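Remarks on the structure that follows.
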Amino acid sequence: MASSEITLEAVPSASDIKAAEWDACANPGGDLSGLENLDTLAPRELHSCAVSKPAYNPFVSHAFFSAAEASGSACARTGWGPRHLLARLDGEIAGIVPCYLKAHSQGEYVFDRGWADAYERAGGRYYPKLQASVPFTPATGPRLLIRDDVDREQIGTALASGLMALCNATDASSVHVTFAREAEAKFLGRHGFLLRNDQQFHWHNEGYRTFDDFLTSLNSRHRKAIKRERREAVASGITIHHLTGTDITEDAWDAFFAFYMETGSRKWGRPYLTRKFFSLISESMSRDVLLVMAKRSGRWIAGAINFIGSDTLFGRNWGAVEHHPFLHFEVCYYQAIDFAIQRGLKIVEAGAQGEHKLARGYLPQTTYSAHFIADPDLRRAIADYLKRERAYVAEVGRELTDAGPFRKAADEA
């Protein structure tokens, strides 16, 4: 019997790929890789009894990438030129790496500007580079999107090699696969990529039935502080509303976009997402969206957007046009915990950075990325740096976990 043929190609838009073919790779019905410590490249049948429902990550859906690109948020004009890598098996798409050719390092949340500056001071050219990620989204998820009815090791190896070949073909300095799952990052490490660790703060649902159940797991000082913050956040007659699906009207999106622009302009200078992006996701994936909105005196004054996965609530952007003490914590963190408990979700990912999340029950979580550096001298320098950085991230994570708000054996109940 003739062996199957794998071919590779890069396409300039998510719209060049049929949604059904993309999603068969990104969120296949039998995908169990959302489980902790599950090797995303292992045969699926080994885990057939592990969960009762398929894992789903909204950020790798065709709808999300299509909205980011069609809205003008992630496109060549903004420095995100799509170069999605496809692996075809006997002509059929078997694997995809969402990838962008970039002329800057904005909107990524895994910071490599120091690498770029050092390389260019030494006479090199760091840009363009290839970014394998979800634009503007620091959320862990699959990056080698592979169908569940193929040899995942074979297709994964082809995609890893294809990224290196695409780097050479585009005259890029490097490939950066960011916010990958741990097993996936290590797989790329075995194929010549350098591994990098960073840290976020995630909340974990330990089987809580109510928010008060969660509070009882905290020490007295933090429990009292959270109760006080929640009271004061809504003390000015503020009401909190959860909007999902068809409850999210264009008027609500208009209000949220105003919050996003006001806060984003202060933090980043120029927010990444266009108004059209929010209308597009409302059309195609509104059931995956939770808007937590705050209202006072009959008008929306603040809000946060979250995306709903099969076991994870992903917190993303926040904004406000009125500023009230602790309202940010209430809308972004406490309401997310409440919603996760109600829905039986296991995890809340609260976005990038922010040690202030620790006191609110969000614990350090290691994140993973993999980097292919074409220049051997730059590669050696970065490899040495990453070895020291990984040790530092691990030590900080241990210290912060020990300092967390949860009750110890000696604490007062």
Residues within region 86-108 that are within 24 Å of residue 197 (Cα to Cα) and either of a type in the set (Asp, Glu) or surrounded by fewer than 19 Cβ atoms within 10 Å (Cβ to Cβ) (or both), tallied: 4
Single unsatisfied condition, residue 185 versus (1) among the hydrophobic types (A, V, I, L, M, F, W, C); (2) closer than 30 Å to residue 403 by Cβ; (3) surrounded by fewer than 20 Cβ atoms within 10 Å (Cβ to Cβ): (3)
Among the candidates 337, 347, 305, residue that is without any contact (Cβ under 8 Å) to a residue 60 or more places away in the chain and touching a strand residue (DSSP E or B) at 6+ places or on another chain (Cβ under 7 Å): 305
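Within region 350-380, track down each residue that is in a helix (DSSP H, G or I), farther than 11 Å from residue 194 by Cβ and either more than 23 Å from the chain's Cα centre (by Cα) or of a type in the set (S, T, N, Q) (or both). Talk me through it step by step, then tell me what you get.
So in region 350-380, the residues in a helix (DSSP H, G or I) come out as 355-360, 376-380.
Among the residues that remain, those that are also farther than 11 Å from residue 194 by Cβ are: 355-360, 376-377.
Correct list: 376, 377.
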Residue 328 more than 24 Å from residue 219 (Cβ to Cβ), in contact with a strand residue (DSSP E or B) (Cβ under 9 Å, 6 or more places away or on another chain) and of a type outside the set (Asp, Glu): no
The one condition in (1) touching a Pro at 6+ places or on another chain (Cβ under 9 Å); (2) at pLDDT 75 or above that residue 92 fails to fulfil: (1)
Qualifying residues in region 229-246 (those that are exposed (fewer than 12 other Cβ atoms within 10 Å of the Cβ) and not small (Gly, Ala, Ser)) - the one farthest from residue 360 (Cα to Cα): 246
Scope region 346-361; condition closer than 27 Å to residue 132 by Cα, at pLDDT 95 or above and open to solvent by less than 30 Å² (accessible area, probe 1.4 Å); matching residues: 348, 349
Where residue 382 falls short, out of the listed (1) under 28 Å from residue 119 (Cα atoms); (2) among the aliphatic types (A, V, I, L, M); (3) open to solvent by 20 Å² or more (accessible area, probe 1.4 Å); (4) modelled with pLDDT of 95 or more: (3)
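A quick yes/no check of all residues on (1) hydrophobic (A, V, I, L, M, F, W, C); (2) within 17 Å of residue 248 (Cβ to Cβ); (3) open to solvent by less than 20 Å² (accessible area, probe 1.4 Å); (4) touching an Asp or Glu at 6+ places or on another chain (Cβ under 8 Å):
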| site | (1), (2), (3), (4) |
| --- | --- |
| 288 | no, yes, no, no |
| 299 | no, yes, no, no |
| 304 | yes, yes, yes, no |
| 308 | yes, yes, yes, yes |
| 319 | no, yes, yes, yes |
| 322 | no, no, no, no |
| 327 | yes, no, yes, no |
Identity of the residue in region 200-210, touching a strand residue (DSSP E or B) at 6+ places or on another chain (Cβ under 8 Å) and over 15 Å from residue 180 (Cβ atoms), that ends up surrounded by the fewest Cβ atoms within 10 Å (Cβ to Cβ): 204
Strands (runs of 3 or more DSSP E) (entirely within region 257-349) containing at least 2 residues that are more than 20 Å from the chain's Cα centre (by Cα): 289-296, 299-308
Candidate set: region 130-173, residues that are of a type in the set (S, T, N, Q) and either over 21 Å from residue 367 (Cα atoms) or in contact with a Leu (Cβ under 7 Å, 6 or more places away or on another chain) (or both); chosen: the one most open to solvent (accessible area, probe 1.4 Å): 168
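The values are calculated or read from the model by the stated rules, or taken from the named source; none is laboratory data. The model shown is predicted, which means the values in this text are computed figures rather than measured ones. All Cβ positions, glycine included, derive from the backbone under ideal geometry; neighbour counts span all protein chains shown. Note: areas computed on protein heavy atoms with side chains; ligands, DNA, RNA excluded. Shrake-Rupley method; radii C 1.70, N 1.55, O 1.52, S 1.80 Å.
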